[in-house]
């Protein structure tokens, strides 16, 4: 159990210190991920940026995800889910296009640019405040790999056993502080888990000094 995201951030930074001598970039998933990444960026001076994967939901319930997409259009679909729900490829492609536009809108809002972070040849650490199904993280991983990262690491405070098992097959390392046998939602493992506001994101971005490639 974590007190809040700041408590999780401090504990996660202890595990990420080992990457301070590598060419490392932290990619935080807003909004909660930037709070969780804060201590690591602050302590070790890591280069950092945002990555925003978005869920692809089913037609009848957009909150029920069958996959996810990233800003460059790279997407991942759980084919078993999609087949069982009779989801067409046409629908998937339309959702990919729609969600990609929303991602780019949010990137411009948070960082002033929709360009993909410069990850080629770097150790990339994806940070979020927790993982449930892992669909959005998988989309992020596939996108980062396309951009030729040297190493990909996933670092989160909490995630379920089955999701960790899947991710460990996809990346160089998964760092997860708490892997409970019974998992219902990320928020159950935080004493305080209030929604992070855009204002908090802007404040952290200003403090940490996000420098974009020109």
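Remark: the chain is approximated by an ellipsoid whose semi-axes, taken from the C-alpha gyration tensor as √(5λ), come to 25, 20, 17 Å, largest first. Size descriptors for segment 55-109, from the alpha-carbon set: Rg then Dmax equal 11.1, 37 Å. Annotation: the antiparallel percentage among DSSP beta bridges lying fully within the chain is about 30. Of 105, 5, the sequence from fewest to most neighbouring Cβ atoms within 10 angstrom is 105, 5. In segment 53-70, whose amide N lies under 12 Å from the spot 7 Å out along Cα-to-Cβ of residue 173? List them in ranges. Under 12 Å, as judged by backbone N against the label point of residue 173, lies no residue of segment 53-70.
With the simple model of a label 7 Å out from the Cα in the direction of the Cβ, residue 132 to residue 109 spans 2.0 nm. Going from the residue with the fewest nearby Cβ atoms within 10 Å to the one with the most, 168, 95 rank 168, 95.
Going by Cα centres, segment 1-75 and segment 126-181 are how many Å apart? Centre-to-centre distance over Cα atoms comes out at 10 Å.
On the basis of the beta-carbon distance and an R0 of 41 Å, residue 1 and residue 64 show a calculated FRET efficiency of 0.90.
No value in this document is a laboratory result; all are computed from the given coordinates. Just so it is clear, the model here is predicted, and its values are computed rather than measured. All Cβ positions, glycine included, derive from the backbone under ideal geometry; neighbour counts span all protein chains shown.
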